[in-house]
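A.B. asks: Let me give you the structure first, and then I'll get to my questions.
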Amino acid sequence: MQARSSELVVVELLLGVAQDIARAVDAGLEDEVEITRAQHDILRALARSTHNLGVADLGREIGCSRINATRLVERLARDGRVTVTPTMSRNLYLLVRMTPGGADAWSRGEAARVGIAERRMAPLGVDEKRALVWLLQRLRGRAMP
């Protein structure tokens, strides 16, 4: 059996930590806000947009197919978190708008994400966090001096 390279060990650790954090975010959103991460991603895209978005636009924004985006939007609409309006100018083009209930869910979701991040990063000191950010940015090719 061949020994694993130190680079592979680092990559596996990074992926493992990312998966753990993703699971914690998923659980936090479902427990605290009663939405999935994908639904929260739709709400985040709407909150950040300066104009109305269509279902296909939302799918592209969050990296999922139009069919999956449609299902997410339908669920959010059933829960009163978005409204969907067909446009007259484009056949079957649906504009999605966030409702006050959706804005509340997005806001609570962001607060849950912040809380999860703070809890996950709590064991690290300030200097360790700065060093970790620098190292991760360097690995992504964006290191700051």
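The values are calculated or read from the model by the stated rules, or taken from the named source; none is laboratory data. Just so it is clear, the structure is predicted and the values come from calculations on it, not from any experiment. Neighbour counts are summed over all protein chains in view; Cβ atoms, including those assigned to glycine, are modelled from backbone coordinates with ideal geometry.
A.B. asks: Can ARG97 be described as modelled with pLDDT under 95, part of a loop (DSSP other than H, G, I, E, B) and among the charged types (D, E, K, R)?
C.D. replies: Judged against the criteria, ARG97 is not a match.
A.B. asks: Output yes when any residue across segment 104-117 is closer than 24 Å to ARG71 by Cα, touching a residue at least 12 places away in the same chain (Cβ under 8 Å), hydrophobic (A, V, I, L, M, F, W, C) and not in a helix (DSSP H, G or I), and no when none is.
C.D. replies: Among the residues of segment 104-117, not one is closer than 24 Å to ARG71 by Cα, touching a residue at least 12 places away in the same chain (Cβ under 8 Å), hydrophobic (A, V, I, L, M, F, W, C) and not in a helix (DSSP H, G or I), which makes the answer no.
A.B. asks: So is VAL10 without any contact (Cβ under 8 Å) to a residue 24 or more places away in the chain and either among the hydrophobic types (A, V, I, L, M, F, W, C) or touching a Cys at 6+ places or on another chain (Cβ under 8 Å) (or both) or not?
C.D. replies: So VAL10 fits the description; yes.
A.B. asks: List pairs: first residue in segment 67-89 and closer than 18 Å to VAL33 by Cβ and modelled with pLDDT of 95 or more, second residue assigned to a strand (DSSP E or B) and polar (S, T, N, Q) anywhere in the structure, Cβ distance under 9 angstrom, at least six positions apart or on different chains.
C.D. replies: From segment 67-89, the pairs are ALA77/THR83.
A.B. asks: Same structure, new question: Which is within 17 Å of the chain's Cα centre (by Cα) and within 16 Å of ALA105 (Cβ to Cβ), of ASP57, ASP79, ASP31?
C.D. replies: None of the other options fit; the residue is ASP31.
A.B. asks: Output the number of residues of segment 44-61 satisfying the condition of being over 19 Å from PRO86 (Cβ atoms) and crowded, with 19+ Cβ neighbours inside 10 Å.
C.D. replies: Going through segment 44-61 one residue at a time, the tally reaches 1.
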